[in-house]
Structures are given as C-alpha cells and as structure tokens.
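As structure tokens, the structure follows; a few thoughts come after it.
The values are calculated or read from the model by the stated rules, or taken from the named source; none is laboratory data. Keep in mind that what you see is a predicted model, and the values were worked out from it rather than measured. Reconstructed Cβ throughout: ideal geometry from the backbone, glycine too, with neighbour counts over all protein chains shown.
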Amino acid sequence: MSPYQLVFGKSYHLPVEIEHKAYWATRRINMEFKEAGFTRRDLLTELDEWRNEANESSQIYKEMAKKFHDLNIRTKEFKPGQEVLLYNSKLHLFPGKLQSKWTGSYVLHKSNWNGTYELFNADGNTFTVNGHRLKPFFKSDVDRGLEVVKFNDP
C-alpha cells in the first residue's frame, strides 16, 4: 500500500490520466448520483479498512522491535562498596580523540529502588546517578600487585 493511497484514499494517476479527467470520472462513476453515492461510500469504507490494516501492521512491527530491543538489554547489578566508572556525557559536545568517556573510580554507597545509585567521590561527598551511566571498575594487573612482563629493546 503506497503512502499516497493511505492519505488520499485512491491510487495514484499519471498526468496523462489527469488530462482526460472527465473521461476517467465518467468511466468511474457513470454519472448516476445514486450509484456515485454508493461507490463513494464503498471507497470510504475501503479507505478505513486500509488505514486499519496499516495501523495493525504498524503495531505488530513496533511490538517486534520492542521485543528485539528488550532481548539485547543487559541488566547491571552493583553491590554497595563496589568500585564503578561513571559515563561522562559532557564529552558529546567536545570529544577528545583518545580521551576516555568514563570517569572514576567511584565507590558505590547505596542502590535505590528506581535504578539510581548513590556514589562516593574522592572528597567523600555523595551524589546520585542513573544506573545506566555506570559500569564496573576492574583494577589493572599493576594495581593488583601482579608482575608485568616487559620486553627489552635490543
């Protein structure tokens, strides 16, 4: 079904057909008022059916897209005392080429029922952020006290 057909309720006619509009209208309606009225009523009913079909298919598509989107959502669970990184949304305006979009590490203080978390910053102040802006912080091997192997240049 074309968008033209949804909006105007009839199929598109080429410019050549529009030049001979009188012939097309005569052939379509037969110039009888009663028959023209019935035809117009039928066309309006058909237009409503097309719009209903389009609406139903749109709903089906939206449901399928929502299902697909919901399958790809990963739930994040954080525990109090865990170190996390915070997404820096200000970098959308002035992104640095090699600059990390994550700042931190912050210590998680408390989780709330609505998906927000309270964090401690380095000064010991607490602030609340949305859970979608957090990701777990993993310390590097050097921080864990593991020996890092370095290669000597010849």
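Okay, residues lined up against (1) in a strand (DSSP E or B); (2) in contact with a helix residue (DSSP H, G or I) (Cβ under 8 Å, 6 or more places away or on another chain); (3) free of Cβ contacts under 8 Å to residues at least 60 places away in the same chain:
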position: GLY37; (1), (2), (3): no, no, yes
position: LEU44; (1), (2), (3): no, no, yes
position: TRP50; (1), (2), (3): no, yes, yes
position: SER57; (1), (2), (3): no, no, yes
position: GLU63; (1), (2), (3): no, no, yes
position: GLY81; (1), (2), (3): no, no, yes
position: LYS90; (1), (2), (3): no, no, yes
position: TYR106; (1), (2), (3): yes, no, yes
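Among the residues making up the stretch 109-131, those that are more than 26 Å from the chain's Cα centre (by Cα), over 17 Å from THR75 (Cβ atoms) and not in a loop (DSSP other than H, G, I, E, B) are HIS109, LYS110, GLU118, LEU119, PHE120, THR126, PHE127.
Under the condition of being modelled with pLDDT of 80 or more and hydrophobic (A, V, I, L, M, F, W, C), the residues counted in the stretch 123-154 number 5. Any residue at all in the stretch 52-74 that is surrounded by 11 or more Cβ atoms within 10 Å (Cβ to Cβ), modelled with pLDDT under 90 and not aromatic (Phe, Trp, Tyr)? Checked the stretch 52-74: no residue is surrounded by 11 or more Cβ atoms within 10 Å (Cβ to Cβ), modelled with pLDDT under 90 and not aromatic (Phe, Trp, Tyr).
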